[in-house]
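These notes are about the structure you will find just below.
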Amino acid sequence: MNQMPAQAQQVPSPPRVVAISGIVFSVLYIVSLVLIRLAVPADPTEPGLWLADPSFRNWVRIALNLVPFTGIAFLWFMAVLRNRIGLCEDRFFATVFLGSGLLFVAMLFAAVSVSRGLLDTFAAGLPNQNETYRLGRGMAYTLMNTFGTRMAAVFMFVTSTIGLRTAILARWVSFVGFAFGLVLLLVMTEFAWIALVFPLWVLLVSTYILSSDFQQKRWKAASAEPLSPRVGACGDRKD
């Protein structure tokens, strides 16, 4: 059993603008998903008739332009979580945490790159059963709805596990993460709106973190005693 000095376990709080990065990610991701789902049919084998509508093309273009900022906000959200874990970080779970989060962003950017290429290539007219369109449409669908969604589920599982082990999250928040992750893993990806589960969970976690930090600052002001962000009793658990 390893005991860490109380002073060593204190982790400085990130700036408030960084702490809300999860909320920013959730809002941008939800907006992008809604715009794409409303404009583009969920069936990856559709012939591309939506390209004939200028409004649908503009919706998709707006959604794709939001994705880079969505990915950046998610990286900051990961940094906020690691900051709260602090010295309680476990190498095993930290590896899966970083790997799944970075792979999710990579899949997101790859899918958007393929989609933007298709949009620019076929913006002038219908693909008319073009093989290039079918290939790109299938690639974008598989990257995001299969691999990206699975990486998001793994990220939810490992974050919830870390939350239970280090007490950086309430138990009920971790259990919600397990349930949502199971939904992403098992529910058929043909259900077009299933991807909204992930940003809604990130929104829940971010709201809990901000609420917890706000309460700790109130306790600190009331007691006039130095309090560090909740990093969990990692010094009291067995490795």
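The values are calculated or read from the model by the stated rules, or taken from the named source; none is laboratory data. Source: prediction; values computed, not measured. Heads up, the Cβs are rebuilt from the backbone with ideal geometry, glycines too, and the neighbour counts pull from every protein chain shown. Ligands, DNA and RNA are excluded from the accessible area calculation, which covers all protein heavy atoms including side chains. Shrake-Rupley method; radii C 1.70, N 1.55, O 1.52, S 1.80 Å.
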Scanning for something in a helix (DSSP H, G or I), open to solvent by less than 10 Å² (accessible area, probe 1.4 Å), β-branched (Val, Ile, Thr) and more than 19 Å from residue 203 (Cβ to Cβ), does region 78-85 turn up at least one residue? yes
Starting from residues that are open to solvent by 40 Å² or more (accessible area, probe 1.4 Å) and in contact (Cβ under 8 Å) with a residue 24 or more places away in the chain, keep the ones in region 51-62 and report whichever is nearest to the chain's Cα centre (by Cα). 62
Inside region 80-111, the number of residues satisfying the requirement of being under 15 Å from residue 25 (Cβ atoms) and touching a Ser or Thr at 6+ places or on another chain (Cβ under 8 Å) is 3
So is residue 94 within 26 Å of residue 207 (Cα to Cα), of a type in the set (Gly, Ala, Ser) and not in a loop (DSSP other than H, G, I, E, B) or not? yes
State yes or no: is residue 48 under 19 Å from residue 195 (Cβ atoms) and either under 20 Å from the mean Cα position of the chain (by Cα) or open to solvent by less than 10 Å² (accessible area, probe 1.4 Å) (or both)? no
Quick one: how many residues across region 174-204 are farther than 21 Å from residue 34 by Cα and open to solvent by less than 30 Å² (accessible area, probe 1.4 Å)? 2
